[in-house]
Amino acid sequence: MKRAHWISLIALISGAVAWYFLAEPRQQTEIIKVEQPKTIAPSSKMPIKPVDAPVVEQKQQEQVELAEQFGLVASAYAAELETPSYSKPLIASELNAAEFVPQQVPIEGGGSVAIVPKKYRFSFPETIQAELVATDINLSEVSVSLRNEWTGEKLWQQPLQAQDGRWLIDINPGKDWDGQLELAVEFQARSDSQTLRTGIEYSQPVAWVLAVDDSFGEGADLVIPLQLDVLVTGDYRVRAQLFTDTGQPLAALVQEKKLSQGKQTLEMKAYKSVLQQHSGDFVLKAILVEKRPSKPGDLARYGASKESEFKVPAFAIGQLSDEPATVSEEELQRLEFLKQMSQGR
C-alpha cells in the first residue's frame, strides 16, 4: 500500500541524499601567480596548523549527521517490512480519508459560505446529498445546478429553499451520470450575486460487493473472502479497513486481482500482528473497489458495496502462525543499502 508514512519515508531518503551531494564543496581550477614566501626559521612557539582544518571538521560532521539520518530511515524501513504490504496497521490519518473536506469561502463584508457534500464519491443509484453552510451571513435567491465537467452539459438545476434554517441539497441522479461533476450554488448576499462551486464524482458501478464469507486462517493471515458481482472484466484493486467490534482501528487491507464478469471471490488478508490478539468480532468497512485503467489515457472506474460495513465473526487468533512477513529480494537490497549508508560506507 502506498501509505502516507511510506511517502514520508521516501521523501526523507531523497532529502538526505540531496543534502549530502549539495554539501560537497565545489572544486574550481584557477591560474594564479605564486610568489615565493620569505624563509622563516621554525619556532616551537609557532605550531604549524593546516589551513583547511575547519573545512575538514565541517565535512566530517556533515557525514556523521548524514549517516545518522540514514540510520533513522533504515530503522523506519525495517519496521515497515515487519508487516506485509497488503495488511498494514491502520493509522489515524487514514480513518477519514473518504470524507469531503469543505473550504469556507469568505464573503466581502464578513461571514463565509461553504458547500459540504456528504462525501466526494457517489455511486448510482445514490442521491447526491450536500449542504450549503452559511456563517454570519443571510442568503437569498439560492439555486443549485450540476454539470458534467468534461462536456460542460448541465445535468440538473433547481431553486433551493431553507429547511429549519438549513440549506439542504438532495439530487436524484440520472441513469447515465458518470464521471467528474461540478456542483454549483448561486445566491444573493448583501445585494451581490455570488456563485460557489465544488467538484464531486459520480460513477456507474463496475462491480458490487455483495457479502463477506466465513473467514479462515492461512499461515499468519486471517483471510476474509469478499463476494463480488463484477459487471466489467478488468484488473481490480480493493481496499478496506478492519476494526474491532468496539470501533478500535486495526488494519488497512488491500488486494489486487484480475476479475472476470460475473460472481467472483476476492480474499482480503489481515496479518496476525495487526489483529492485536483481539478475541471478539471484527467489522470490515470503508470498502473501495477500483477498476484500474486498462491502457494509458483511460480513467479508473469504481464499484460500490451493498452495505456500508460487514461483520466478520470472531476468530481464534492463536491458531495463526508466527511466521515473519515475506520480504522480497528487492526490499532486502534496499534495506541493506540504507544500513550501509548509515555506517558511512
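The values are calculated or read from the model by the stated rules, or taken from the named source; none is laboratory data. No experiment lies behind these values; they were computed from the predicted model shown. Please note: Cβ atoms are built from the backbone with ideal geometry, for glycine as well, and neighbour counts cover all protein chains shown.
For the reader, a short list of remarks on this structure follows.
- Condition check for residue 305: among the hydroxyl-bearing types (Ser, Thr, Tyr) and closer than 17 Å to residue 87 by Cβ: no
- Wholly within segment 150-247, strands (runs of 3 or more DSSP E) carrying at least 3 residues that are in contact (Cβ under 8 Å) with a residue 60 or more places away in the chain: 179-189, 192-203, 207-212, 221-230, 234-244
- Test result for residue 271, surrounded by 20 or more Cβ atoms within 10 Å (Cβ to Cβ), over 18 Å from residue 313 (Cα atoms) and outside the structural domain of residue 122 (by TED's automatic domain parsing): no
- Some residue of segment 310-330 being at pLDDT 90 or above and under 21 Å from residue 256 (Cα atoms): yes
- For the residues 247, 318, 297, the requirement of being out of contact with any strand residue (DSSP E or B) (no Cβ under 9 Å at 6 or more places or on another chain), small (Gly, Ala, Ser) and at positive phi singles out 297.
- Exclusive hit being under 22 Å from the mean Cα position of the chain (by Cα) and of a type in the set (Lys, Arg), set 285, 311: 285
- Set 214, 221, 164, 176: member being charged (D, E, K, R), surrounded by fewer than 16 Cβ atoms within 10 Å (Cβ to Cβ) and touching a strand residue (DSSP E or B) at 6+ places or on another chain (Cβ under 8 Å): 214
- For the criterion of being β-branched (Val, Ile, Thr) and under 25 Å from residue 285 (Cβ atoms), residue 223 passes.
- Positions within segment 296-332 being of a type in the set (Val, Ile, Thr), within 16 Å of residue 250 (Cβ to Cβ) and not in a helix (DSSP H, G or I), in sequence order: 312
- Flag for residue 304 being at negative phi and under 20 Å from the mean Cα position of the chain (by Cα): yes
- When the residues of segment 331-345 are filtered to those that are within 25 Å of the chain's Cα centre (by Cα) and modelled with pLDDT of 70 or more, the one that is nearest to residue 285 (Cα to Cα) is 331.
- For the condition part of a strand (DSSP E or B) and either under 17 Å from residue 212 (Cα atoms) or in the same structural domain as residue 224 (by TED's automatic domain parsing) (or both), residue 252 qualifies.
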